[in-house]
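Undergrad: One structure, as structure tokens, below. Some questions next.
The values are calculated or read from the model by the stated rules, or taken from the named source; none is laboratory data. If you're wondering where the values come from, they're calculated on a predicted model, not measured in any experiment. Quick reminder, even Gly has a Cβ in these numbers, built from the backbone with ideal geometry, and neighbours come from all protein chains shown. For accessibility, only protein heavy atoms count, side chains too; no ligands or nucleic acids. Shrake-Rupley method; radii C 1.70, N 1.55, O 1.52, S 1.80 Å.
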Amino acid sequence: MGKRSGVPHTDEELAALSLEELQTELQRSRMRLSIPQSTKMSKQWHKRIHWLESAIAKRV
């Protein structure tokens, strides 16, 4: 999982996103998880999804 511009990679960047942007990023991450890939990449996407879900839960 490489770094893309405009995609949050730190808690500070995540905090700057609106709730709608967080949900969009969560959907994108779930879609990426559904694409066949290595076990290592799958684990990274699972971690990212968990991170995004916990950020959304804190805001609601």
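Undergrad: Just the residues that are β-branched (Val, Ile, Thr) and open to solvent by less than 60 Å² (accessible area, probe 1.4 Å), please, taken from the stretch 1-24.
TA: 7, 10
Undergrad: Restricting to the stretch 43-60, and then to whatever is under 13 Å from the mean Cα position of the chain (by Cα) and open to solvent by 80 Å² or more (accessible area, probe 1.4 Å), can you tell me which residue is farthest from residue 8 (Cα to Cα)?
TA: Ranking the qualifying residues of the stretch 43-60, first place goes to 43.
Undergrad: Filter the stretch 25-42 for residues that are over 9 Å from the mean Cα position of the chain (by Cα) and surrounded by 12 or more Cβ atoms within 10 Å (Cβ to Cβ) and give the result.
TA: Across the stretch 25-42, the qualifying residues are 32, 33, 37, 41, 42.
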